[in-house]
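Shown next, in structure tokens, is the structure this report addresses.
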Amino acid sequence: MIKILWLLALSMISLYAAEVKWEKNISSAVERSIKEKKPLMVLVTKNGCRWCDVLKQKTLKNQKVVAVLNRDFVSYEGVVDEGSVPPSLMTQGTPATWFIKERTPMFEPIMGAIESDEFLKALEIVKQEYKTNTPQK
């Protein structure tokens with residue numbers, strides 16, 4: 001019985017570890033990204049969006065993606081129909097994944113759901129670009 005409880009506890013910990021740590025609002029996300037000198041990833045979604053669900057349930061559940069996002073980025077999800085997307089980040093479609101440096105988008109957004117490997121490549125490009133254009137103290 002103890003072994004079963006132990007395995008259950010371990011599986012719960014591993015499930016928890018596989019979650020992106022989302023900031024609660026855009027203001028705290030921006031402030032934290034500036035303070036920690038990390039790029040801000042803003043995921044723009046819409047309720048009922050099939051491809052938003054695919055991105056969130058596959059790519060953003062991948063353990064490698066989660067590890068990189070939680071270590072090297074600040075993450076925020078804005079939902080169009082809930083009014084939590086800054087007007088400057090509204091797009092024609094969803095999902096849209098923006099990367100922000102301080103308060104300025106670094107690139108055009110990644111549109112749609114992409115596979116984990118491609119998303120990881122994009123995260124590496126964002127990290128390199130962020131470092132390249134961040135003055136060292």
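Computed from the coordinates by the stated procedures, all read-outs in this text should not be read as laboratory data. Since the structure is predicted, the reported quantities are computational estimates derived from the model, not experimental observations. With ideal geometry, Cβ positions are generated from the backbone for all residues, glycine too; neighbour counts draw on all protein chains shown.
Here are the numbers for this structure:
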item: Spatial separation of Cα centroids for the range 88-137 and the range 22-69, in angstrom; result: 11 Å
item: Unit charges at the beta carbon, dipole of the range 59-126: most positive-side option, I125, P86, A113; result: I125
item: Least to most buried among D72, D81 (fewest other Cβ within 10 Å first); result: D81, D72
item: Three-way shape call for the range 54-137 based on the alpha-carbon gyration tensor, with the a/c threshold at 1.5; result: oblate
item: Cross-link reach list, lysines versus K64, counting only Cα pairs under 24 Å and skipping chain neighbours closer than eight places; result: K21, K24, K37, K38, K56, K101, K121, K127, K131
item: Under 5 Å, built H, 5+ apart or other chain: amide partners of K46; result: V80
item: Environment charge at P109 (Cβ cut-off 15 Å; Lys +1, Arg +1, Asp -1, Glu -1); result: -2
item: In sequence order, calculated HN-Hα J values of the range 27-36 (Karplus, 6.51, -1.76, 1.60; Hz; x Gly/Pro); result: 5, 5, 5, 5, 4, 5, 5, 5, 4, 8
